[in-house]
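To keep things clear, I will list the structure first and then write my remarks on it.
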Amino acid sequence: MRGNLRVVSVFGGALQASCSVPTGVAVHPTGDIIIADYDNKWVSIFSSEGKYKTKLGSGRLMGPKGVTVDQEGHVIVVDNKACTVFIFQLTGKLVSKFGSRGNGDKQFAGPHFAAVNKNNEIIVTDFHNHSVKVFTPEGELVMKFGSNGEGNGQFNAPTGVAVDVNGNIIVADWGNSRIQVFDGSGSFLSYINTSADPLYGPQGLALTSDGHVVVADSGNHCFKVYRYLQ
């Protein structure tokens, strides 16, 4: 799907020292906009009008990549360099953290993005371990799925992740340049049909309320929108 998008507003920027290398974005129920700022090693919070408000994780984070918000309004931060998931209150108070570097069940190797399901479980894409892991808010592993490869349900470095209204998990498969769909238990269901306009290294993705998936197509330097029937 191709079309024209209109820029509503622009905010942030290195000159403001509030947003240097943005890598992830989420919207809080309050309307605040949450930006993972990789090089500054913090998460910036902006109002819905784009006014800089505060930052989270300064002095704790090493390389925040993905951000999302759980059902309690906590800010979930995936720290790519520290291989750790941090959970903050919007005020900046650290609630908890879990994960370390490695290939164990509760470890990560370059984690990228996260999403939250209807059970308030945290779904994390584990880039170099070629898997998706699901945790309780306390950091206990619920399940994991995926392995390195090109087959159905396999990954070559998963990146973006989202959950639809039915609990299905949508994952951007960066190295295989595709988007896979799994049910809530991690069983492979299908692919998003991208044949009309193929992807090359998809990264972050999000679902819209009208049944589309929006994908950051890093290799083609653009965003693409595909129909996704939920």
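The values are calculated or read from the model by the stated rules, or taken from the named source; none is laboratory data. These numbers come from a predicted model, not from an experiment. Cβ sites come from the backbone with ideal geometry, for glycine too, and all protein chains shown count toward neighbours.
Figures for the structure shown
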| read-out | value |
| --- | --- |
| Residue that is surrounded by the fewest Cβ atoms within 10 Å (Cβ to Cβ) [pool: residues in segment 28-49 that are in contact with a Gly (Cβ under 8 Å, 6 or more places away or on another chain) and part of a loop (DSSP other than H, G, I, E, B)] | P29 |
| Residue that is nearest to N119 (Cα to Cα), among those in segment 24-61 that are touching a residue at least 40 places away in the same chain (Cβ under 8 Å) and acidic (D, E) | D32 |
| Considering residues of segment 89-111 that are among the basic types (K, R) and within 29 Å of K53 (Cα to Cα) only, the residue surrounded by the fewest Cβ atoms within 10 Å (Cβ to Cβ) | K93 |
| Hits in segment 83-116 - residues which are within 16 Å of the chain's Cα centre (by Cα) and assigned to a loop (DSSP other than H, G, I, E, B) | C83, A109, G110 |
| Some residue of segment 62-81 being touching a Gly at 6+ places or on another chain (Cβ under 9 Å), assigned to a loop (DSSP other than H, G, I, E, B), of a type outside the set (D, E) and touching a residue at least 12 places away in the same chain (Cβ under 8 Å) | yes |
| Selection count, segment 40-68, where residues are within 15 Å of I87 (Cα to Cα) and of a type in the set (F, W, Y) | 1 |
| Selection from segment 186-230 of residues that are in a strand (DSSP E or B), out of contact with any helix residue (DSSP H, G or I) (no Cβ under 8 Å at 6 or more places or on another chain) and among the polar types (S, T, N, Q) | S190 |
| Positions within segment 80-96 being at pLDDT 95 or above and of a type in the set (S, T, Y), in sequence order | T84, S96 |
| Among (1) outside any loop (DSSP other than H, G, I, E, B); (2) farther than 24 Å from K65 by Cα, the one test that V161 misses | (2) |
| Within segment 144-154, tally of residues that are closer than 15 Å to N103 by Cα and not polar (S, T, N, Q) | 3 |
| Failed criterion for S177 (all others in (1) closer than 16 Å to N148 by Cα; (2) more than 18 Å from the chain's Cα centre (by Cα) hold) | (2) |
| Test: residue in segment 188-195 that is under 25 Å from N148 (Cβ atoms), touching a residue at least 24 places away in the same chain (Cβ under 8 Å) and surrounded by fewer than 17 Cβ atoms within 10 Å (Cβ to Cβ) | yes |
